[in-house]
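Just so it is clear, none of the values below were taken in a lab; they were calculated from the coordinates. All values reported here derive from a predicted model rather than from experimental measurement.
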Amino acid sequence: MGLSQDLSMLALVGNASVVVQLVMGLLLVASFMSWWYIFLKLFAIKRATRLADAFETEFWSGADLNTLYQRASKDWKNIGEMERIFEAGFREFLKLRQQSNLDTASMMDGARRAMRATYQREMDKLESNLSFLATVGSVSPYVGLFGTVWGIMNAFRGLANVVQATLANVAPGIAEALIATAMGLFAAIPAVVAYNRYTHDIDRLANRFESFMEEFSNILQRQAFKA
């Protein structure tokens, strides 16, 4: 009965050495932060995909470009990433078309640069905090292992003052140490899974944005020749 009480989770954490407790605390904070970013990124990617689907459907249904541009300009903060790319490119195109001394190639280069700059900003936002998930996923197991090694060293060091070493003497110390490894894995596994999934989803969005920029550039080029 006494052994089971000594090996309860709270008792093991409470009786662990200061270093092991610090490791556990660090891993717990990292786990909470990674879950926070996991949910934030989940909602951000879902929103980006939903708004991109809606804008592409409207754009390719034959909607007037000037109408889409006016709406995007008035509500720039609430529109999606693809619509911001469209707004930036069309705004630059309209600005350059008013200059009579520019040829078609110059207008198209300006529009493409504007779309590319907006694309980079939007991708930076979508990819933000992914590096934190990658760091937690790669480092947490080693941090937990450090806590385990330290705890096991303390457990065996405590046997120096014991005449006869038994499992009851060493079990609590080893159990305390193994909790650090478990917490390291608990923090790392969700972070790695989320990082891999979100990287894949963001890459797919990036491909969609780049395809849209190319197709929209062709439309602008035809409009430039008409002008």
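Computed values, structure above
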read-out: Contour excess over end-to-end distance, with Cα ends at residue 219 and residue 67 and 0.36 nm allotted per residue; value: 53.2 nm
read-out: Span per principal axis, largest first, for the Cα atoms of segment 83-147 (Å); value: 70, 19, 10
